[in-house]
Amino acid sequence: MADTILLGLDVGGSSIKAGLVDTGRGSLTTPLHSVPTPAPSTPEAVLQACARIDGELGSAGPVGLAFPSVVQAGIARTAANVDKSWIGFAGGTRLSQLIGRPVVFLNDADAAGVAEISAGGAGKDAQGVVMLLTFGTGIGSALFVDGELVPNTELGHLEFHGRDAELSASARVRTEERLDWASWCARVNEYLARLHALFWPDLFILGGSISEDFDQFGQLLESPAPIRRAAHGAQAGVVGAAFAAARQRRR
Ligand code: BGC
């Protein structure tokens, strides 16, 4: 059904990813579209870029907008890897004004988690506590208890060796510090051990841009809980944003 095809947007610190998603099947109907995040990444610059993508992809219906900050009641509350002027900004309301359609605004890792916990995702059959982690510019987290999202968990900011974990173990840090897979995985394993000791998840799902290279490092990861690669890879945020828009419409 054509009206199940919705636009998912995933704003990151480095790029804005987007695609039309068949929300019945959980797959993109177009190749993943990616443009650099405007610098500075002010709300107006980012949302104008999102509106342009919407026009180019010719989408209809509600839109999902995944964003790398805590999002409470439609308002961005933090801005770790984007312009600080996002704090207090109603991103979905503004994009909705620009495109004239409803917009669901949510945290990017939560969006990726929504995709991975649904049909076609790595956690579709998982019971209990599922923790998805995204490794990209920062580290994002999404926590599910029996399939229900506990939003805005922000575990990339857990203190780790005296500073935010994402400053030690994100994909960006791996590139910047030129860490080989073994050195980076040693940091990630220690981080997973901390998370496991605090949350006792039944399953970890590893996502974000680095999950595209999972074949190269997956065997180096260890944890008391099983670790699965995100089935939607780096597209999970786009797919999950569109799912969130579809769910909102059904309410
Ligand atoms: C942000 C999170 C986001 C994560 C991944 C962190 O710096 O605080 O909200 O989910 O990066 O983008």
* **Sequence-separation-based contact order of the stretch 36-97, relative, with Cα cut under 8 Å and 6+ spacing, percent** => 34
* Could you give the distance between the Cα centres of the stretch 43-67 and the stretch 173-249, to the whole Å? -> 27
* So, with +1 on the Cβ of K and R and -1 on the Cβ of D and E, and no other charges, what is the size of the charge dipole of the chain about its Cα centre, to the nearest 20 debye? -> 580
* Report, in debye and to the nearest 20, how large the dipole of the stretch 139-251 comes out about its Cα centre when Lys and Arg carry +1 and Asp and Glu carry -1 on their Cβ. => 520
* Could you work out the relative contact order of the chain, using alpha carbon pairs under 8 angstrom and six or more residues apart, expressed as a whole percent? => 23
* Within the chain, which DSSP H helices have Cα atoms that stretch 24 Å or more along the helix axis and a mean Kyte-Doolittle hydropathy of at least -1.0? -> 181-199
* Asked: At 222 nm, what helix-only mean residue ellipticity would the chain give, in deg cm²/dmol to the nearest 500, using -39500 (n - 2.57) for each DSSP H run of four or more?
  -> -9500 deg cm²/dmol
* Choice from I117, I139, I227 with maximal GNM fluctuation in the chain (Cα, 10 Å cutoff) -> I227
* To do: May I have the pair-distance distribution P(r) for the chain, computed from all Cα-Cα distances with 10 Å bins from 0 and rounded to whole percent?
  => 8, 35, 37, 18, 3, 0
* Asked: Percent relative contact order of the stretch 126-230, based on C-alpha pairs within less than 8 angstrom and at least six residues apart?
  -> 30
* How large is ³J(HN,Hα), in whole Hz, for each residue of the stretch 162-167 in order, when computed from phi with the Karplus curve 6.51 cos²θ - 1.76 cosθ + 1.60 and θ = phi - 60°, using x for Gly and Pro? -> x, 8, 4, 4, 5, 7
* Given F135, G74, T42, which one lies farthest toward the positive end of the charge dipole of the stretch 1-158, if we put +1 on the Cβ of every Lys and Arg and -1 on the Cβ of every Asp and Glu? -> T42
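Just so you know, all these numbers are worked out from the coordinates, no wet-lab data involved. Model, not experiment: these values are computed from the prediction. Backbone-built Cβ (ideal geometry, glycine too); neighbour counts: all protein chains shown.
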